[in-house]
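S.K.: Okay, handing you the structure first.
The values are calculated or read from the model by the stated rules, or taken from the named source; none is laboratory data. Quick caveat: nothing in here was measured; it's all calculated off a predicted structure. Using ideal geometry, Cβ is built from the backbone for each residue, glycine included, and neighbour counts are taken over all protein chains shown.
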């Protein structure tokens, strides 16, 4: 059995304050016996006021949140999947980047969110994630973590099952999906899609989420989840902000796949051809 921790946060507009909260979460995770801590998407800053947020985004070498979490991981000897940070790139746009840090504080993997949320809503609201962020170009699985082979995804990626297929085919045993889901879409789709992805891929899904009323005025759904390969919910944090724990048994993956060998029955499907 492997004991993991999730930090469900209500990230604010000041990176320094968020860094303190993350470092405290690392300490709490270790005190609770966890071998790895998972944090939500945008753990470093959540601020939709672009003018106010200007100057608070940095590259990896200068990011104070990343530095604080790396130092805490090394100090306490725990792995951390820092769900994502907004990292500056040479293109002038940001990367929504998940970062896996080992128990010595070293970065073991990076994943840039592949699917960006662009939409025009009937209410007149318009969201253009691609205006500020570059999309990632590859899936990522990292070896040697306390939860085995860890596949990485972020938030909106949840709606694209092909990514989860690639991660499972690459040998992932656990997929981490940090998120900042809105309340309406969270209520409608969050749990059902996460359970479906776990069942389809026959593995564990760990989804650390943002929760509550944020300083920038947004409201996020919470309900960080741990789901087993059979689709059972092992942990639901509801709207609670803080650290919670779950235990997973990787041997369950083989047991479930033997009972339901859908992965071995996958076949390439050609495009439909009209008559």
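S.K.: If you check residue 112 against the conditions, is it surrounded by 11 or more Cβ atoms within 10 Å (Cβ to Cβ) and modelled with pLDDT of 95 or more? First the steps, then the outcome.
M.R.: Details: surrounded by 11 or more Cβ atoms within 10 Å (Cβ to Cβ): yes; modelled with pLDDT of 95 or more: yes.
Considered against the rule, which asks whether it is surrounded by 11 or more Cβ atoms within 10 Å (Cβ to Cβ) and modelled with pLDDT of 95 or more, residue 112 comes out as yes.
S.K.: Being outside any loop (DSSP other than H, G, I, E, B) and crowded, with 21+ Cβ neighbours inside 10 Å is the filter here; which residues of region 223-240 pass it? Please lay out each step first, then the result.
M.R.: Going through region 223-240, the residues outside any loop (DSSP other than H, G, I, E, B) turn out to be 225-227, 233-236.
Of everything in region 223-240, those that are outside any loop (DSSP other than H, G, I, E, B) and crowded, with 21+ Cβ neighbours inside 10 Å turn out to be 225, 226, 227.
Rundown of residues vs (1) free of Cβ contacts under 8 Å to residues at least 40 places away in the same chain; (2) surrounded by fewer than 24 Cβ atoms within 10 Å (Cβ to Cβ); (3) farther than 20 Å from residue 154 by Cβ, yes/no style:
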{"residue": "4", "(1), (2), (3)": "no, no, no"}
{"residue": "29", "(1), (2), (3)": "no, no, yes"}
{"residue": "61", "(1), (2), (3)": "yes, yes, yes"}
{"residue": "80", "(1), (2), (3)": "no, no, no"}
{"residue": "85", "(1), (2), (3)": "no, no, no"}
{"residue": "92", "(1), (2), (3)": "yes, yes, yes"}
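S.K.: Of everything in region 147-164, what is under 13 Å from the mean Cα position of the chain (by Cα) and over 29 Å from residue 127 (Cα atoms)? Give them in sequence order.
M.R.: 150
S.K.: Just checking, how many residues over region 13-29 are touching a helix residue (DSSP H, G or I) at 6+ places or on another chain (Cβ under 7 Å) and part of a loop (DSSP other than H, G, I, E, B)?
M.R.: Narrowing region 13-29 to residues touching a helix residue (DSSP H, G or I) at 6+ places or on another chain (Cβ under 7 Å): 13, 15-16, 18-19, 22-23, 26-27.
Of the ones still in play, those that are also part of a loop (DSSP other than H, G, I, E, B) are 13.
Residues in region 13-29 being touching a helix residue (DSSP H, G or I) at 6+ places or on another chain (Cβ under 7 Å) and part of a loop (DSSP other than H, G, I, E, B): 1 in total.
S.K.: Out of (1) surrounded by fewer than 17 Cβ atoms within 10 Å (Cβ to Cβ); (2) outside any loop (DSSP other than H, G, I, E, B); (3) without any contact (Cβ under 8 Å) to a residue 40 or more places away in the chain, what's the single condition that is false for residue 205?
M.R.: Every condition holds for residue 205 apart from (1).
S.K.: All but one of (1) under 25 Å from residue 25 (Cα atoms); (2) touching a strand residue (DSSP E or B) at 6+ places or on another chain (Cβ under 6 Å) hold for residue 132, so report the exception by its number.
M.R.: Unmet for residue 132, out of (1) under 25 Å from residue 25 (Cα atoms); (2) touching a strand residue (DSSP E or B) at 6+ places or on another chain (Cβ under 6 Å): (1).
S.K.: Further, regarding this structure: Would you confirm whether or not region 132-146 contains a residue that is closer than 20 Å to residue 246 by Cα, touching a residue at least 12 places away in the same chain (Cβ under 8 Å) and under 16 Å from the mean Cα position of the chain (by Cα)? Walk me through it before giving the result.
M.R.: Taking region 132-146 and keeping what is closer than 20 Å to residue 246 by Cα, we get 144-146.
Among the residues that remain, those that are also touching a residue at least 12 places away in the same chain (Cβ under 8 Å) are: 144-146.
Filter once more, so that each one left must be under 16 Å from the mean Cα position of the chain (by Cα): 145.
Yes: one or more hits.
S.K.: So which of 5, 53 is in contact with a strand residue (DSSP E or B) (Cβ under 9 Å, 6 or more places away or on another chain) and modelled with pLDDT under 95? Please lay out each step first, then the result.
M.R.: On the way: 5 fails: modelled with pLDDT under 95.
From the options 5, 53, the qualifying one is 53.
S.K.: Taking the residues in region 241-264 that are modelled with pLDDT under 80 and part of a helix (DSSP H, G or I) as candidates, determine which candidate is nearest to residue 209 (Cα to Cα).
M.R.: The selected residue is 263.
S.K.: Mind checking which pairs have a first residue in region 42-55 that is under 11 Å from residue 216 (Cβ atoms) and a second that is in a helix (DSSP H, G or I) and modelled with pLDDT under 95, Cβ under 8 Å, 6 or more apart or different chains?
M.R.: 45/53; 47/53
S.K.: Still on this structure, please answer the following. How many residues does region 176-200 hold that are more than 12 Å from the chain's Cα centre (by Cα), over 10 Å from residue 231 (Cα atoms) and touching a residue at least 60 places away in the same chain (Cβ under 8 Å)?
M.R.: Qualifying residue count, region 176-200: 0.
S.K.: Let me ask something else. Restricting the search to region 167-179, which residues are crowded, with 16+ Cβ neighbours inside 10 Å and over 16 Å from residue 39 (Cα atoms)? Let's see the steps before the verdict.
M.R.: Taking region 167-179 as the starting set, the residues that turn out to be crowded, with 16+ Cβ neighbours inside 10 Å are 167-168, 172-179.
Answer for region 167-179, where residues must be crowded, with 16+ Cβ neighbours inside 10 Å and over 16 Å from residue 39 (Cα atoms): 167, 168, 172, 173.
S.K.: Mind listing just one residue for me: the one in region 187-202 that is surrounded by fewer than 20 Cβ atoms within 10 Å (Cβ to Cβ) and out of contact with any helix residue (DSSP H, G or I) (no Cβ under 7 Å at 6 or more places or on another chain) and, of those, nearest to residue 232 (Cα to Cα)?
M.R.: Kept after step one, since they are surrounded by fewer than 20 Cβ atoms within 10 Å (Cβ to Cβ), are these residues of region 187-202: 187-189, 191-193, 195-196, 199-200.
Checking which are out of contact with any helix residue (DSSP H, G or I) (no Cβ under 7 Å at 6 or more places or on another chain) leaves us with 187-189, 191-192, 195-196, 199.
On the way: 187: 18, 188: 18, 189: 16, 191: 11, 192: 11, 195: 7, 196: 10, 199: 9 Å.
That would be 195.
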